[in-house]
Structures are given as C-alpha cells and as structure tokens.
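The values are calculated or read from the model by the stated rules, or taken from the named source; none is laboratory data. What you are looking at is a predicted structure, and each value in this text was computed from that prediction instead of being measured. With ideal geometry, Cβ positions are generated from the backbone for all residues, glycine too; neighbour counts draw on all protein chains shown. Surface accessibility is based on the protein's heavy atoms, side chains included, excluding ligands, DNA and RNA. Shrake-Rupley method; radii C 1.70, N 1.55, O 1.52, S 1.80 Å.
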Amino acid sequence: MAALEEEFTLSSVVLGAGPDGLLGVEHSDKTDQFLVTDSGRTVILYKLSDQKTLGSWSVKQGQIITCPAVCNFQTGEYIVVHDNKVLRIWNSEDVNLDKVFKATLSAEVYRIHSIQGTEPLVLFKEGAVRGLEALLAEPQQKIETVISNEEVIKMYCMFLIIFFHGNYFAYVQTFHSRVLSKYTLLLGQEEKVVIQSFTASVDRKFISLMSLSSDGCIHETLIPIRPTDPEKNQRVVRSLLLKAVVSGNARNGVALTVLDQDHVAVLGSPLPASKECISIWNIKFQTLQISKELPQGTSGQLWYYGENLFMLHGKFLTVIPYKCEVSSLAGALGKLKHSQDPGTHVTPHFVNWETSQGCGLGCQNSEQSRRIVSLVIEIEISLILLFQKDSEKHIEVELRKFLAMKQTPDFHAIIGDIVTGLLERCKAEPSFCPRNCLIQLIQTHVLSYSLCPGLMEVALQKTDVQLLQLCLQQFPDIPESVTCACLKLFLSIGDDCLQETDVNMESVSDYSGTAQDEKMEEQTKILQNGFNPKEDNCSNCDQELNEKPQDTTKETISCPVIPKRAALLNAILHSAYSETFLLPHLKDIPAQHITLFLQYLYFLYLKCSENATMTLPGIHPPTLNQIMDWICLLLDANFTVVVMIPEAKRLLINLYKFVKSQISVYSELNKIEVSFRELQKLNQEKNNRGLYSIEVLELF
C-alpha cells in the first residue's frame, strides 16, 4: 500500500523559473536541507522541516545558471556552473557569488553529480567525466569527445553515468573506471514511440533502466554493470512493465522515477481529457496504488529524496510526502485502509498477469507465487464471510484458531483486513461489538494506527478505555488529535465506570498507604531533590501554605486520581507526539481536567523524589523526563486559563516553589563542580604516593 500525504510549498513567493521549469533539486549535507536551482540566476537553500529559506545566491545580471547546484558532501561546500563553463564554489556563509571561488573550464558542463562517500563528478556535454579535484587542479585541461555531435544526453543516473541520443543508444561508464560500454536499446514492436522519461536503479549486477514512452507504457531494460565485451556495441531488449499509466496523447508534464524495488512514481495525465496527476504504481503486482490531481499543471519534472516528492505545481515548488509499505497482495489490491486527503484516490488498477512474462518480476517463482496468492485469498475470503453473519462468540473461536496457525507471508496484511471487516460490521450493526476479537488482534503486535484508523474511532465512540489503552501502548503512529481525544476521555470518565473496567495496571504501583505517607512526611523535613514543600521560599505567595503545613503535606503526597485512571494517564505519557501538533489540541481540554492532570503529574514528580534514582516503582512506569515534558506542555497550552481557576492556585504556587528550588540546587551543584575539578587537578599532580599517606585538603 502507498499513501500521498498533504502537499506543501517550500515558499509562498513564486519562483523565478524560466520556461523549462527548474534546473534541479539536490540534497544538501544536512538531513532536511535542499538546494533548488531555477533556470535563471538563483540558487535557494531550503530547510524542509521548517519550510524556510536558509540562504539565496544569484549570479550577476546577464549571466545565467546552466547546471543545477549540488553539495560537495566531503567539504560541505556548494558548486554551481553558469554560462556553461564557469564553475563557482561557495559555502553557506558567503553572500555574493561574484566574490567566491571561480574556475573557467575548457568545455561545456552538462551536470555535476555528487553523492555521499565520494568526490563530485563533472559530466561534460561531449560525454567525458572528470573528478572535481583533478579538474580544479587544471581547469583548462583538454576534454575528450565521447559522443558525436548528433548525440544528445537525455539522462544520467546514480552510480553510473548514462547517455542517450536519437536512436536510443546507451553509454555506461563507472565512476572508478575509464571503460566505456555502448548498448543499443531495441524497442521491439514499438519503434514509432518516443521515449519521454527515463529513470534507473542499480543493484550488484544490473542497471534497471525504466522508460516511459509516448504510448503511456513503462518498459524495463536490464543493462549489466560488467559487460562481457566492453569494446563491442551490445544490444539489450526492452520488456513491457506497465501499460497505460498515462494518456498516450500526453506530450508535456510527463515524468517517471523509481521509489523502491516495488514502486514507481509517475507524473502525467491518466486520461486524454483529465488533469495531470502524481501517481504511485506497484510494479510487483501491476496495480495503481494512489493518485493525486495537480490542477495547476506541472513542468514534467519530478525529484524524490527520502520520503518526499518534489515537483513544480503551477509556478510553485511543491513537496508531497509519501509512504510505501512493504509490498503485499492485500495492499496492492487497495484493501488496506489508510487516512487520506480528500484529493487523493486509491484505485486498484488490474493488469493481465499473463502478459507480464519476461518483465523482470521474478517469473521464475511464478508457481510458488500463485500458491501463496491462492492461500492468502482463501483465508481472507473465508474470514470476511465469517464476519458478515456469525455471532461474536463463533468469530472469536475461529479467530483464535487462525492466530494459532503458522503465520502466512502476508500475516500483517490479513490482520489489517480482519480488523477492517470487524469495524465495518460494527458501524453497520451498533449492537455488534467483538471487543475480545479486537483485543486479540491488537496483541499480535503487527497493527498500527495507519493500518486501521477506524479502530480507535470506534473505541472512543463506545468509551472503551481498555481498548484505547492497548492501542496507545501498541501503536507507534497515533495522531496528536486522537491522543488528546483519549486524554479528554480518561480525565472525564467517572470513577464508578472505571472501577468496573478491566485496565492494565502494570505501570502503576500502590500510590496510597500509611507507610508511604510516613516516608514522604519524613522526607519533607529535609529536601526532596532540593525541594521542601514546607520551606518558605516566597514570602507573599506562600503565606497561605505556611499557615497549614500539615494539610499541605497530606495534599502533596496523596494521589489525586484512582489507580485505574492513573494507569490510563500513564499510557498517554508514554505515547509519541510532536509538540507543534499537540499544543493546539491541548487547548481544547477543559481547565478543570487540565488542573487534575497537572496535580497528578506533580504527584508523580514527588514520588520520583522518594529515591536516589529518581524513578517510579512498577513495570514500565513513566520516566521523569516524560513527567516534566507534559507539565511544560500543559502549562504552555493552558496557563492563561489555569491561572484564573481558584482550585489551581495552590498547585501553581507549589510548581513555582519547585522551579525556584531547582534553580538554587543546580546553582550550588555548579559551585561544587568547580571544587571537584580543583581536587582532581591536585590528585593528578600527586602520582608518587607511598603505601600509606594522610592528606588534608582545604576548600574555601
């Protein structure tokens, strides 16, 4: 299964791209930074996660950039070529390209190719390749001619450089070898078609060269990395991979790129009268996985890095994050449910399996593949029919039998389909609620929120806190909005309802009892990690607390929630989140519930203070960092509301005193650290000691 997420533009300002669109998008030496080169005078450095511009450089008026800027991963510098022969090198601190390093070359440059772990390579328009260091040592060196004047370079690929010209010949040269091999691409019966786009991937033995033709079909050509006879012009045959992926009438806005061994991305119009789309195809199962309309049109350019697709949509550089899961039959047929944008469509598009022979899809294992496919389909059909009519008890028995069997190759996909089938019946029949089956399925540890987003929605509607707790413990990809919806429910549900609910209590120890009260009371007489609730650190705000120290101590050490609610709140504390997306949803929680949650978090901190390791008892309890992070999140989101609630006054005062005492403790620790450094120096100076010695060290 594949998914296209919500698109965004890297800049709200229209890029100064010429009629040919952008020259290129290249990765920088930082994880989420990219160099964007337009077809005019400008290179822009973007940070993808923040969608911000980090730098912009332009050549002088009258000059034009002719080669996309790249990053030298060995030095962190940037390289660009303008006016075909002038090479510039600069770093992020430079402002004016006219004042950076300049080298004028003897021949025109086509592209600069740069990857991790090796120096950049310069590809000239006449087909020769040079390493950057050798070229800079002698910029005016003679560049040999590899291809004829009639030949035009169509593309180059990662670990090898590939050239094409009108009759579709390919020249392959490895980075570390001067051996040049020539191949003739035989088009077969489709000699009249025009190849519109190329893409390639490399393994240990072959280059898999894919081409998108004017008839809308994708063909694959396997080119050996080590040719049997490098001196001869060798012939390679194209084989049909996918049919009718774009309209045969499309002339512009068509592009193709390989995403992984099972998926390709295609840019183009699927039908003659339709708008342009970005689509992801599964080449293993010959199906269209997902597509997204691009109503403003494109320039026919497509780049991808990591899990992001880059394209020029209208006149804006658009980024569309994507996901491609491990290829499975259920996913390829569009049976796995995923959260999608309204503009995306999942459409299973079937191809005649008999025509895929010789397409490089592992046909030698076709018999084994057919047996596996038959097994998967048989299991899925029988289980789906079972869900439609049988009772909950019978379904539970059959499901237990299935889970006891040896796992099939598509086990995780089948589990996803089973959950989907159960949830669909739940929505159709409100009285049908197979919670025991759902609990068993969650405990298989193969589900995720993206595989069955409706599961937590149903659990929230039915106020099934046990099911929600299991999901929070098992699912790594729960959206922040759903996490906050669970938090609202956990804080608002009544104690009577919770007492009747079966909740996993592993993360909660016994938070009540006389022994713990006495222990906590004894510790408050000294310091709890630098914090004493009875200590008068602010004369004005603590006057009320100092009048009744006994009541304060009891309130501080008693848990504000019952153990089962504490177990549910601990599941929230363990959940993954992004602060940026979580804060807006926290503002929607009622103030009294925020106050209750803050009181519980403050109580957990005091429990951590009971021992030197600053940890809570129990199995997999919340950590101190999680407790402190959530206190900060809640105050950031709701401070202006909480500060107006009388019930929260004492809690805020305690938090204030706690922060103030922590600052004091850390200040004293810093002073002690200086003394210890001096002691360490004295220790190092006195290496010659006898068997026995007495030393007196004075600290001032």
In square angstrom, what is the accessible area per residue of segment 1-132 with a 1.4 angstrom probe? 42 Å²
Any idea of residue 101's accessible area? Nearest 10 Å², probe 1.4 Å. 100 Å²
Could you report the accessible area of residue 668 in Å², rounded to 10, computed with a 1.4 Å probe on the protein chains as they sit in the structure? 90 Å²
Listed residues 481, 211 arranged by accessible area, highest first, probe 1.4 Å: 481, 211
Would any residue of segment 31-54 have its amide N under 13 Å from a label point 7 Å out along Cα→Cβ of residue 64? List them or say none. 39-42
Cα gyration tensor category, rounded, prolate or oblate, for segment 1-137 with a/c compared to 1.5: prolate
What length, rounded to one decimal in nm, is gained on full extension from residue 98 through to residue 275, with 0.36 nm per residue of separation minus their alpha-carbon distance? 59.5 nm
For a label point 7 angstrom out from the Cα of residue 695 toward its Cβ, which stretches of segment 663-677 have the backbone nitrogen within less than 20 Å? 672-677
Approximate spin-label separation residue 206-residue 49, in nm, with each point projected 7 Å along Cα-to-Cβ: 3.9 nm
Using the beta-carbon distance between residue 144 and residue 574 and R0 = 51 Å, what value does 1/(1 + (r/R0)^6) give for FRET efficiency, to the nearest 0.05? 0.20
Report the accessible area of residue 579, computed with a 1.4 Å probe over the heavy atoms of all protein chains in place, in Å² rounded to the nearest 10. 90 Å²
Go through 693, 197 and list them by solvent-accessible area, largest first, probe radius 1.4 Å. 693, 197
What does the extension gain come out to for residue 644 and residue 675, with contour length at 0.36 nm per residue minus their alpha carbon separation? 6.6 nm
Sort segment 69-138 into rounded, prolate or oblate with this rule: let a ≥ b ≥ c be the square roots of the eigenvalues of the Cα gyration tensor; rounded if a/c is under 1.5, and if a/c is not under 1.5, prolate when a/b is larger than b/c, oblate otherwise. oblate
Sorted by accessible area with a 1.4 angstrom probe, largest first, how do 6, 695, 276, 93 fall? 93, 6, 695, 276
Given R₀ = 35 Å, FRET efficiency for residue 662-residue 495 by Cβ-Cβ distance, to 0.05? 0.60
